[in-house]
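Novice: Pasting in a structure now, in structure tokens, and then I'll have a few things to ask.
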């Protein structure tokens, strides 16, 4: 594991947001959803592609708060432009368990 400085960590904008729209992403190489996430007034709504279809239905995800990196540059994923990275934990079977706050948090709040 590579060690980083506190200054490096402070550059990462890990923010909480609420998923407000979930769409299928049939063009993706691996099963995925298109997520539209509200990060509050300062950041706004950002899009992300997430390969989380094994553990989460669209209904499970709607209105769910998640933690995402919001200061990566946009990334083209097939026909979709992903604007943030939703975080999670990869299990041995490759399924992803989302990283989420355990209590309601104001959208846009920074994780530190």
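Novice: Here are 67, 19: which of them is under 21 Å from residue 112 (Cβ atoms) and in contact (Cβ under 8 Å) with a residue 12 or more places away in the chain?
Specialist: On the way: 19 fails: under 21 Å from residue 112 (Cβ atoms).
After applying the criteria, what remains is 67.
Novice: If I ask for residues that are out of contact with any strand residue (DSSP E or B) (no Cβ under 6 Å at 6 or more places or on another chain) and closer than 17 Å to residue 99 by Cβ, which ones from segment 15-52 would you list?
Specialist: We begin by selecting, within segment 15-52, every residue out of contact with any strand residue (DSSP E or B) (no Cβ under 6 Å at 6 or more places or on another chain); these are 24, 26-31, 40-44, 51.
Of everything in segment 15-52, just one residue is out of contact with any strand residue (DSSP E or B) (no Cβ under 6 Å at 6 or more places or on another chain) and closer than 17 Å to residue 99 by Cβ, namely 51.
Novice: Go through segment 14-46 and count every residue that is under 14 Å from the mean Cα position of the chain (by Cα), part of a loop (DSSP other than H, G, I, E, B) and over 19 Å from residue 104 (Cα atoms).
Specialist: Residues meeting the conditions: 1.
Novice: Filter segment 91-101 for residues that are under 16 Å from the mean Cα position of the chain (by Cα) and part of a loop (DSSP other than H, G, I, E, B); which is surrounded by the fewest Cβ atoms within 10 Å (Cβ to Cβ)? Working first, answer last.
Specialist: Going through segment 91-101, the residues under 16 Å from the mean Cα position of the chain (by Cα) turn out to be 95-101.
Now drop any that are not part of a loop (DSSP other than H, G, I, E, B), which leaves 95, 99-101.
Values: 95: 15, 99: 15, 100: 14, 101: 12.
Top of the filtered list is 101.
Novice: Please list, ordered by first then second residue, the pairs with beta carbon atoms under 9 Å, 6 or more apart or interchain, first in segment 71-95 and at positive phi and in contact (Cβ under 8 Å) with a residue 40 or more places away in the chain, second surrounded by 12 or more Cβ atoms within 10 Å (Cβ to Cβ) and in a strand (DSSP E or B).
Specialist: Close Cβ pairs satisfying both conditions: 78/49.
Here, each number is a calculation from the coordinates, and none is a lab measurement. Worth saying up front: this structure is predicted, and the values here are computed from it rather than measured. Here the Cβ is made from the backbone with ideal geometry for all residues, glycine too, and neighbour counts use every protein chain on show.
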